[in-house]
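Before anything else, here's the structure in question.
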Amino acid sequence: LFFKHSPLVSQGIATGPVDINLDWNRVRSISRMRSRENVNRIVLEPELLSIIPAPGYRPDLCQPVPLEKIPPMLVDAIVLTEDTRFFSHQGIDLFSIGQALRTNLKAGRYVQGGSTIPQQLIRMTILTPEKTMGRKVNEILLALVANAIYSKNTILQAYLNRVYLGQWGPFPIQGVAEAAMHLFGKDVSELDAAECSLMAATIRAPGVINPHRHLERTQTRRNMVLGLL
């Protein structure tokens, strides 16, 4: 059995793979798989059967957390990789848009986006992911409005609690708190520098940059983010 995470980590209860040896219908012994240390008691995780969403909402996995409980290093890593000039632009970044346009024209196809964090948040919460000119115009206009109405911290907190970071079966994992549990088996406040960098690296392409599927590619991208930090 492998336990993805435990709500009892703070009580000293370890997580990870364990061997359960059976003698017919009785448990003979339980030991940790790596250290072979005997375990007296294990706590089984509940199995998620389904999510019943509120009317009009998708069945997302999301555990909102306030910005002050998110490690500053994780915030820095995500801002550096997703929107370097987040704290200075007015909702859109003309430099990034121009750079992305040049890259796409040179490649002859869409390979890079120039969306800021406000633009991504608007796309996640209000608009659709389709790549059309009309949607892009709406995205830009709404990002400008959001930046004028809300503080940078409010926008950043909403983004960190909604950003898509992969799948758990049929359910999308959204928000850094849920991703921390699924990727590392720990609370988001306990992440170290390497884990913060890996999570920031995952945002660009969660299906491809995933330690459970493409370890070497994920490590390369993580190391790049560590270098930026």
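The values are calculated or read from the model by the stated rules, or taken from the named source; none is laboratory data. Nothing here was measured: the structure is a model prediction, and the numbers come from that model. Note: ideal-geometry Cβ built from the backbone for every residue, glycine included; neighbour counts use all protein chains shown. In case anyone asks, the SASA skips ligands and DNA or RNA and just uses the protein heavy atoms, side chains included. Shrake-Rupley method; radii C 1.70, N 1.55, O 1.52, S 1.80 Å.
Which whole-number value in Å² is the accessible area per residue of the stretch 134-229, probe 1.4 Å? Don't skip to the answer; put the middle values down first.
Working: 4490 Å² over 96 residues.
Per residue, the stretch 134-229 has 47 Å² of solvent-accessible surface.
Sort out the exposed loop chymotrypsin sites (Phe, Trp or Tyr not before Pro) in the chain (DSSP loop, at most 14 other Cβ within 10 Å) and tell me the longest stretch that has none.
On the way: sites that count: Trp24, Tyr57, Phe87, Tyr110.
Free of exposed loop sites, the longest segment is 111-229.
Carbon-plus-sulfur fraction of the accessible area of the chain, 1.4 Å probe, in percent? Don't skip to the answer; put the middle values down first.
On the way: 7980 of 14070 Å².
Percent of accessible area from carbon and sulfur atoms in the chain: 57.
Longest exposed-loop-site-free stretch of the chain, with GluC sites (Glu not before Pro), DSSP loop and at most 14 other Cβ within 10 Å?
Details: sites that count: Glu37, Glu47, Glu130.
Longest run free of exposed loop sites: 131-229.
With contacts defined as alpha carbon pairs under 8 Å and 6 or more residues apart, what's the relative contact order of the stretch 153-229 in percent?
After rounding, I find 22 percent.
Something else: Counting only protein chains, not ligands or nucleic acids, how are Arg217, Arg28, Arg34, Arg222 ordered by accessible area (probe 1.4 Å), most first?
On the way: Arg217 130, Arg28 165, Arg34 195, Arg222 55 Å².
Order by accessible area, largest first: Arg34, Arg28, Arg217, Arg222.
Right, another one. For Asn153 and Thr128, what does the FRET efficiency come to when R0 = 30 Å and r is the distance between their Cβ atoms, rounded to the nearest 0.05?
With a Förster radius of 30 Å, E is 0.65.
Tabulate in residue order the Karplus-calculated ³J(HN,Hα) for the stretch 21-38, using 6.51 cos²θ - 1.76 cosθ + 1.60 with θ = phi - 60°, rounded to whole Hz; enter x for Gly and Pro.
Karplus-based 3J(HN,Hα) across the stretch 21-38 equals 9, 10, 10, 6, 9, 10, 7, 7, 7, 10, 9, 6, 5, 7, 8, 6, 6, 5 Hz.
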